[in-house]
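Trainee: Submitted below is the structure of interest, expressed as structure tokens.
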Amino acid sequence: MPAACHNCLVASFYTFDQLQNFPSLTPPARLAVIGDPIGHSKSPQMHNAALQACGVAAQYVRVEVPAGRVKDAFQLFCDQGFIGVNITIPHKLEALKAVDVVDPLALQLGAVNTLVIRDGRRFGYNTDGPGFLRSVREVFGVEIKDLRVLILGAGGGAGRAVAVQCVMAGCLHLVLANRTESKLAPLVKELRGLTLRSLELEICSLDDVSLANVSGKVDLIVNATSVGMKDADQPLLPQGALLNRHMVYDMVYRASGPTELIQQAAAAGSKSADGMSLLLHQGAISFEHWFDRPAPVEAMRAGLMAATHA
Ligand code: ATR
């Protein structure tokens, strides 16, 4: 992991300690992403492309913040005149508790991934859920409200947020699957409380027979598990479960090449999207919160592509 560099114009990442007296950069750092680890994040390339495209004289940097220090970090960002911050793993829940005002959707989704600083007050938003909806619309040309959706890994943080967002967007039929099935009971209870129109909600095991059966009943299959992050991960779906009418959304993005699931989708002739699409659209919505204007999505996409191929 490269260390933060005091003398470089742009360091790979800055540390929590450096936030106390942030280096003076040209253009000045006014936006950041925090996480632990954070050196791998492609958000700076995406957001710096957006800032440049909009002629905003500011830059977006990575800051490594340890668990337990998110609230302190937010105070330091306020003190240093930052406009906003993105929050990534593992701090999204801590961030929810570290803001002055939580947007109702973020509260519902149980996570804050975007901080906006206005007049020294800290406002927390979640752009992952709405980013997922935009990304599905862009890649597949459909609305969640018209779909039957299977979420693999619905018991994890990302899966839970997608499940809540699908229900809030009015999806027709939702199937929740998780390796540890006991994690699904509280989610089912919560989702039933949110249902705005008739929703068919079911739980499915992650074994091959159950997945083969349930895949016949759904249109969109979302992988929200961490399977796929490593090069040698096992396939999530049994052979033959995917048909060319399926839409496959893998929330994982793997720099070394398509995940097993994306490869399975290609082999079946199914349309697919990966975590890069989510990164783009959640980032665009964060930008809109910070600047109250439409995000330059094509510049952001080009920034991400350049970072990916670098
Ligand atoms: P979080 O912090 O979001 O809860 P996590 O521990 O990284 O996340 O796990 C995210 C999801 O990936 C969970 O649904 C997890 O299943 P469990 O709840 O059973 O732990 C799922 N997951 C991780 N590894 C998996 C594997 N090998 N097979 C299936 N699901 C897996």
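The values are calculated or read from the model by the stated rules, or taken from the named source; none is laboratory data. A quick note: this is a predicted structure, and the numbers were derived from the prediction, not measured. Don't worry about glycine lacking a Cβ; one is built from the backbone with ideal geometry, like all the others, and counts go over all protein chains shown. Quick note on the areas: whole protein, heavy atoms, side chains included, nothing else; ligands and nucleic acids left out. Shrake-Rupley method; radii C 1.70, N 1.55, O 1.52, S 1.80 Å.
Trainee: At 0.36 nm per residue, and after removing the present C-alpha to C-alpha distance, how many nm does the segment from V209 to C54 gain when stretched out fully?
Mentor: 50.7 nm
Trainee: Then there's this: Note down the net charge around T259, summing +1 for each Lys or Arg and -1 for each Asp or Glu among other residues with Cβ under 13 Å from its Cβ.
Mentor: -3
Trainee: Report in % the part of the accessible area of the chain that belongs to carbon and sulfur, leaving out ligands and nucleic acids; probe 1.4 Å.
Mentor: Here carbon and sulfur together make up 53 percent of the probe-accessible area.
Trainee: Give me Rg over Rh for the chain, both radii from the alpha carbons and Rh done the Kirkwood way, two decimal places.
Mentor: 0.98
Trainee: Quick one: what are the phi-derived ³J(HN,Hα) couplings along the range 23-36, Karplus 6.51/-1.76/1.60 with θ = phi - 60°, whole Hz, x for glycine and proline?
Mentor: For the range 23-36, the Karplus-derived couplings read x, 7, 10, 10, x, x, 6, 10, 9, 8, 10, 10, x, 7 Hz, x marking Gly and Pro.
Trainee: For the chain, report the accessible area per residue in Å² (1.4 Å probe, heavy atoms, rounded to an integer).
Mentor: I get 44 Å² per residue for this part.
Trainee: Could you compute how much accessible surface I89 exposes when probed at 1.4 Å, giving the result in Å² to the nearest 10?
Mentor: Per-residue accessible area (I89): approximately 120 Å².
Trainee: Give me the accessible area of T308, 1.4 Å probe, in Å² rounded to the nearest 10.
Mentor: Approximately 40 Å² for this residue.
Trainee: A follow-up question, please. Amide H neighbours of L201 under 5 Å, at least 5 residues apart or on other chains, H built in the peptide plane: list them.
Mentor: L174
Trainee: Taking the range 1-121 as the region of interest, what is the percent of Cα-Cα pairs per 10 angstrom bin, listed from the shortest bin to the one with the maximum distance?
Mentor: Using 10 Å bins, I get a P(r) of 14, 48, 33, 5, 0 for the range 1-121.
Trainee: Over 22 Å between Cα atoms: which of K145/K217; K42/K183; K189/K271; K42/K92; K71/K189; K189/K230 fall into that group?
Mentor: K42/K183; K189/K271; K71/K189; K189/K230
Trainee: Roll a 1.4 Å probe over the protein heavy atoms and report the accessible area of M229 in Å², nearest 10.
Mentor: 120 Å²
Trainee: Based on the Kirkwood radius over alpha-carbon pairs, what is the Stokes-Einstein translational diffusion coefficient of the range 116-265 at 37 °C with 0.692 mPa s viscosity, in µm²/s?
Mentor: 206 µm²/s
Trainee: I need the shape label for the range 35-91. Rule: rounded when a/c is under 1.5, else prolate if a/b > b/c, else oblate, with a, b, c from the alpha carbon gyration tensor.
Mentor: Verdict is oblate for the range 35-91.
Trainee: Ordering D119, D103 by how much accessible area each has at a 1.4 Å probe, largest first, what is the list?
Mentor: D119, D103
Trainee: What size of dipole, in debye to the nearest 20, comes out for the chain about its Cα centre when the only charges are +1 on Lys and Arg C-beta atoms and -1 on Asp and Glu C-beta atoms?
Mentor: 340 debye
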